[in-house]
1. Considering only residues that are of a type in the set (Phe, Trp, Tyr) and under 27 Å from the mean Cα position of the chain (by Cα), which ones fall in the range 249-292?
2. From the list Leu168, Leu164, Leu155, which one is free of Cβ contacts under 8 Å to residues at least 60 places away in the same chain and more than 22 Å from Ser38 (Cβ to Cβ)?
3. Going by what's in this entry, would Val307 be described as aliphatic (A, V, I, L, M) and buried (at least 18 other Cβ atoms within 10 Å of the Cβ)?
4. Checking the structure you have, find out if any residue of the range 271-283 is open to solvent by 30 Å² or more (accessible area, probe 1.4 Å) and in contact (Cβ under 8 Å) with a residue 40 or more places away in the chain.
5. Looking at this structure, is Met172 open to solvent by less than 10 Å² (accessible area, probe 1.4 Å) and not basic (Lys, Arg)?
6. Anything in the range 123-140 that is part of a loop (DSSP other than H, G, I, E, B) and open to solvent by 10 Å² or more (accessible area, probe 1.4 Å)? List them, or say none.
7. Kindly establish whether Ala143 is of a type in the set (A, V, I, L, M, F, W, C), in a helix (DSSP H, G or I), open to solvent by less than 30 Å² (accessible area, probe 1.4 Å) and closer than 22 Å to Gln73 by Cα.
8. Condition (residue is in a helix (DSSP H, G or I) and not small (Gly, Ala, Ser)) applied to the range 266-279: is it met by at least one residue?
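The values are calculated or read from the model by the stated rules, or taken from the named source; none is laboratory data. Keep in mind the model is a prediction, meaning the values are calculated, not measured. All Cβ positions, glycine included, derive from the backbone under ideal geometry; neighbour counts span all protein chains shown. Each accessible area value is taken on the protein alone, full model and side chains, heavy atoms only, with ligands, DNA and RNA left out. Shrake-Rupley method; radii C 1.70, N 1.55, O 1.52, S 1.80 Å.
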Amino acid sequence: MQIECKGISFKYDQAANALENLELSIRSGELIALLGPSGCGKTTLLRLVAGLLPMQEGELYYNEQEISSWAPQKRNTAMVFQSYALFPHLTVSENIAYGLKAKKFTKSEVKKRTDDYLSKVHLKGMANRMVQELSGGQQQRVALARALVLKPDVLLFDEPLSNLDEKLRVKMRREIRMLQRESGITTIYVTHDQEEAMAIADRIVVMDAGRIQQIGSPQEVYSNPKNAFVADFMGISNMIDVKGEKRMFRPEHIAILPSGSHSGKVKWTEHLGSIQQICLDTDLGEIIAHRFTTEAVEDDLKAGEIVHFELAGNGIVIE
């Protein structure tokens, strides 16, 4: 299912526009991540695509069919929420089967599809458990299976992993990506987590204040940000003025060496697993550098220490 958003604007009461003249084309079968800070309009767009909000201005197309006025149930979308939204009085299998029964599928088809998706989300042995007996990750698997079992044309995720701990988030995003690729369902995934968007998406739509700032592959938006907002939002960026031009260097572009063209004083350091993060006060301004922790074991930098460094290349010119 291809999705086209043409000139979409939306406003809540007297507030500023949540979306402003938004144009977006989503290819059939791809997973798009809507990424941005709270209030940027990403969830508003998701709800407009689902039909949960009325279209105020603009047009929405599924393939070449204009569907702006269609009721949610006519759009054949499925949504996975942050809160899971499971029925506590039903078992795991009953939760997954709920939508199929509501759509009057035969008993045999309901059982076949439910069993199939219990297996796909690795919950086959838990079919008869009540959902409140499950962990957060297992509950999210139930919510995912309940959405996929309907075989929707469009799958919508509203920050589905934000309630999980970090290790489980990483595991679940891999499972979501695998199931999405297997099903080929066009998917819109809302998140405020840059790493999650980078890991899961075919393309990322970076949004701010109701407008799209950049659309591109994870590598494109990280390595070639179009403006200062994208550069700053997509990970850590060092903005350095070079002959009147603002250029961006990522921490991995700062090489700390025994001698170098630049020097700075260590303000603080942080050990982040395999990476040591170092803040330097330099003549170029405050910059953040990364180096592997294995290097730090041999030469652990301390606050106040003077170090030398080089900049890799010329950086990226930022508008």
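1. Phe249, Phe292
2. Testing whether each residue is free of Cβ contacts under 8 Å to residues at least 60 places away in the same chain and more than 22 Å from Ser38 (Cβ to Cβ) leaves just Leu168.
3. Criteria met by Val307.
4. No: zero hits.
5. Values: open to solvent by less than 10 Å² (accessible area, probe 1.4 Å): yes; not basic (Lys, Arg): yes.
Yes; evaluated as a whole, the condition is true for this residue.
6. Scanning the range 123-140 gives Ala127, Asn128, Arg129, Leu134, Ser135.
7. yes
8. The answer is no, given that none of the residues of the range 266-279 is in a helix (DSSP H, G or I) and not small (Gly, Ala, Ser).
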